[in-house]
Structures are given as structure tokens and as C-alpha cells.
Amino acid sequence: MIEDRNCNMNNECEFPTPQGINAAFGYNTAIMNDSNSNCGCNCNCECEDETRSEMLKNIRCLSFAIVDLAQYLNTHPNDQKALCLHKEYCRQLKDLKDKYQKIYGPLSIYYPCNKWRWLEEPWPWEGGIE
Amino acid sequence: MWTYNKVLQYPINIKCPNAKLAKFIISQYGGPDGELAASLRYLSQRFAMPDQKAKATLNDIGTEELAHLEMVGTIVHQLTQGLSPEEIKAAGLGAYYTDHGVDVYPQSAAGMPFTAAYIAAKGDPIANLQEDLAAEQKARATYEKLIDLCCDDPDVLDPLRFLRQREIVHFQRFGEALRGVQDKLAEKRFFMNDTNMANMMSNNCNGCNNNCNCNN
């Protein structure tokens with residue numbers, strides 16, 4: 001039997017959902033704000049990538065929130081509110097990444113596909129889908 | 001962007017500290033053919049590569065080199081752990097100890113601090129990939145010299161052999177990427193001289209990468 005070192009996600013947060021305490025930490029993650037659906041290209045066309053850029057934006061927001069929280073938790077390891085937020089964002093990020101990668105292909109080399117899709121999408125420095 | 005995984009790419013557990021070896025091995029941390037130079041070289045060159053395979057190759061090998069940087073740093077750290085200043089001085093690391101204690105500082109075996117002059121980004125994909133091929137061979141040669149110098153400690157030899165093998169694999173991959181770039185550059189180019197086609201292309205939306213038919 002492998003010991004459970006409390007890295008599981010079973011226990012519920014005793015704090016309110018992140019929307020409530022979000023502001024206190026200065027986070028403005030789009031996934032919680034139900035933000036606008038403008039594709040940002042200034043055209044009136046139906047943008048196929050609306051969902052995609054929206055999803056990437058949310059992935060970026062959640063990733064940054066986790067990076068920032070981790071740095072905070074390094075020096076405040078007993079802050080239960082921050083711990084709770086970290087847990088919630090990690091869960092959301094994992095779900096969102098799974099969903100995104102199933103549709104648009106891998107975000108990292110650790111996501112397997114039936115064909116090698118790592119070469120297909122533009123690189124982040126190419127300014128394509130952002 | 002990058003994320004960190006709390007695991008070494010290859011395990012390192014050195015039981016006998018040996019500052020003499022650390023003095024040599026640190027060259028693969030911050031020396032001319034070291035892992036820091038390798039990583040920065042590839043990650044800097046990847047931006048302007050003309051094809052996807054070359055971009056992916058430089059991106060992913062440049063990333064692995066960061067894992068190797070951590071491995072070499074770990075070797076140097078474990079080789080200098082728990083030594084007295086006298087032992088460090090006797091190993092020829094007195095000058096290093098003066099400036100850096102037992103921190104891991106990016107420098108060559110001869111004490112030259114790391115410099116970006118170790119890497120090149122020539123603005124030419126063929127020149128860059130040829131440089132990368134040479135860099136892998138130089139790193140392979142350096143690891144072989146280190147293996148010769150460290151022949152008495154299997155705990156050090158084992159990860160050095162792994163790192164040497166990776167240089168050979170990377171050399172192979174860069175060779176393949178170079179051939180791909182050469183083929184790409186040798187392709188015949190077609191130039192459109194069709195006004196309808198030109199109009200169609202100018203009507204593409206610039207702001208988003210969708211093939212929408214708006215007039216932006």
C-alpha cells in the first residue's frame with residue numbers, strides 16, 4: 001500500500017470558491033470572469049479560433065496564478081487560503097489543458113497523439129494563435 | 001514557457017567528495033562547451049529557423065540541455081559537499097573558494113567566467129546548425145576527457161557517460177535537422193503572377209489567422 005502524502009484532491013476546500021477570495025490575491029483569471037468573446041482581430045467575421053484563443057488565455061492566466069501562488073507559498077507554506085487557491089487553480093488548469101490538447105494538439109511533448117502533432121501548430125514566438 | 005520537474009534526468013549520488021574532479025567538471029557547467037552555452041545557443045537560434053523540424057529540434061534539445069546543466073551542477077555540488085577549506089585548497093580550488101565558496105558558479109575549468117562569446121547566432125540557419133553539430137562534438141570530446149580524468153569513481157563516471165551519450169544523439173538529430181533545412185532552402189520557389197490570386201490574398205484578415213473573408 002502506497003502511503004497517501006496528502007497530495008490527493010479529495011478533501012474539499014474549507015474556503016469559499018476562488019471567485020470569492022480571488023480579488024484578495026489580485027488575480028483576475030479569465031476563466032472565473034466569464035470574459036468577453038471578442039477575438040481581437042477587429043473584423044466582423046466569425047472567428048473559428050474564438051474558443052481556442054479564449055482557452056489559451058485561460059491556460060495562461062491559470063499558469064501564471066499558479067506560478068505566483070507557488071512563489072508566495074514557498075515563503076508562506078501554512079497559508080491555508082493560498083493553498084486552497086493553488087489546489088483549485090491546479091485542478092482547473094489540468095482540466096483545461098486536457099480539453100485544449102484533445103482538440104488543438106500538444107502544448108508540451110508530454111502529451112501523446114496518434115500522429116506527431118508537435119510540428120503542426122505555430123510556435124509561441126511566431127505570434128499566430130495567442 | 002517552461003515548468004520545473006523535481007527529478008534529475010539521470011540519478012546522481014556521489015558518496016566520496018572529490019574537489020579535484022569538481023574543478024574539472026565545472027567546465028561542463030559554465031565552460032565554452034558546457035551545458036549552459038549549449039542551451040542558450042539552441043534556444044537563441046530556434047527563433048529564426050526556416051522549418052518546423054529545425055525549430056522543434058532546437059527547442060527540445062535546448063530544453064534538455066537545461067536538465068543537463070542541473071545534472072552537472074549536482075555533480076559539482078556533491079563533489080564539494082562537506083569538505084574543509086584545507087581539503088579544497090589542497091585540491092587546487094583555493095582561488096575558487098575565495099570568490100564562490102562551495103557555490104556552483106558558471107566558469108570553465110581554467111577559471112574563466114561564463115560568457116555569451118561561447119555561443120553564436122549567425123543569422124544563417126546552415127551556419128547555425130553546423131555550429132551546433134560542432135558544439136555537440138566538442139561537448140562529447142570534453143566528456144571523454146572528463147571520463148579519463150575521473151576513472152576511479154563509478155558514481156561520477158556513470159552520469160558522465162550518460163551525458164556523453166546524449167551529445168552523440170543530439171549530433172545525430174542536428175544532422176537530420178540540417179538536411180531538412182538544406183532541402184527546404186533548395187526547393188524551387190513559385191511566384192504568383194495572377195491578379196485574382198493577389199486580390200484574394202490581400203483580402204485575408206491580418207489580425208487573426210483565420211481564413212475569413214472580411215476586408216481587413
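Assorted remarks:
- Count - residues of segment B:31-54 that are crowded, with 24+ Cβ neighbours inside 10 Å and away from chain A (no Cβ under 14 Å): 5
- Of all the residues in segment A:90-104, those that are modelled with pLDDT of 95 or more and either within 14 Å of another protein chain (Cβ to nearest Cβ) or under 22 Å from B:Gly180 (Cβ atoms) (or both) number 4.
- Test: residue in segment B:195-206 that is surrounded by 11 or more Cβ atoms within 10 Å (Cβ to Cβ), modelled with pLDDT under 80 and either in contact with a helix residue (DSSP H, G or I) (Cβ under 6 Å, 6 or more places away or on another chain) or away from chain A (no Cβ under 14 Å) (or both): yes
- The single condition among (1) within 14 Å of chain A (Cβ to nearest Cβ); (2) buried (at least 18 other Cβ atoms within 10 Å of the Cβ); (3) β-branched (Val, Ile, Thr) that B:Val72 does not satisfy is (1).
- Options A:Asn78, A:Asn42, A:Asn28, A:Asn6; residue that is surrounded by fewer than 18 Cβ atoms within 10 Å (Cβ to Cβ), modelled with pLDDT of 95 or more and among the polar types (S, T, N, Q): A:Asn78
- For beta carbons closer than 8 Å, sequence separation of 6+ or different chains, a first residue in segment B:57-75 that is among the aromatic types (Phe, Trp, Tyr) and a second that is outside any helix (DSSP H, G or I) and surrounded by fewer than 20 Cβ atoms within 10 Å (Cβ to Cβ), there are no qualifying pairs.
- Residue count for segment B:84-119, restricted to those that are assigned to a loop (DSSP other than H, G, I, E, B) and either under 26 Å from B:Gln9 (Cα atoms) or in contact with a His (Cβ under 8 Å, 6 or more places away or on another chain) (or both): 10
- Every condition in (1) closer than 23 Å to B:Ile168 by Cβ; (2) more than 14 Å from chain A (Cβ to nearest Cβ); (3) crowded, with 18+ Cβ neighbours inside 10 Å; (4) not β-branched (Val, Ile, Thr) is met by B:Asn18 except one, and the failing one is (1).
- Of the helices (runs of 4 or more DSSP H) that lie entirely inside segment B:1-58, those containing 2 or more residues that are over 12 Å from the mean Cα position of the chain (by Cα) span B:19-25.
- Test for B:Lys184: is it under 36 Å from the mean Cα position of the chain (by Cα), at pLDDT 90 or above and within 14 Å of another protein chain (Cβ to nearest Cβ): yes
- Residues in segment B:74-99 that are closer than 19 Å to B:Asp158 by Cα and in contact with a helix residue (DSSP H, G or I) (Cβ under 6 Å, 6 or more places away or on another chain): B:Ile75, B:Val76, B:Leu79, B:Thr80.
- Answer residue from segment A:82-99, given it is basic (Lys, Arg) and in contact (Cβ under 8 Å) with a residue 40 or more places away in the chain and is nearest to A:Leu56 (Cα to Cα) among those: A:Lys99
One line per residue, one yes/no per condition, for (1) at negative phi; (2) in contact with a Pro (Cβ under 9 Å, 6 or more places away or on another chain):
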{"position": "B:Thr98", "(1), (2)": "yes, no"}
{"position": "B:Val102", "(1), (2)": "yes, no"}
{"position": "B:Pro106", "(1), (2)": "yes, yes"}
{"position": "B:Gly111", "(1), (2)": "no, no"}
{"position": "B:Ile147", "(1), (2)": "yes, no"}
{"position": "B:Pro154", "(1), (2)": "yes, no"}
{"position": "B:Gly175", "(1), (2)": "yes, no"}
{"position": "B:Arg189", "(1), (2)": "yes, no"}
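- Filter pass, B:Ala54 being touching an Asp or Glu at 6+ places or on another chain (Cβ under 7 Å) and among the hydrophobic types (A, V, I, L, M, F, W, C): no
- Failed item, numbered, when A:Asp68 is tested on (1) touching a Gly at 6+ places or on another chain (Cβ under 9 Å); (2) at pLDDT below 95; (3) not aromatic (Phe, Trp, Tyr): (2)
- Flag if A:Asn74 is touching a helix residue (DSSP H, G or I) at 6+ places or on another chain (Cβ under 9 Å), part of a helix (DSSP H, G or I) and more than 11 Å from chain B (Cβ to nearest Cβ): no
The values are calculated or read from the model by the stated rules, or taken from the named source; none is laboratory data. Predicted model, so just to flag it, every value in this text is computed and none were measured. With ideal geometry, Cβ positions are generated from the backbone for all residues, glycine too; neighbour counts draw on all protein chains shown.
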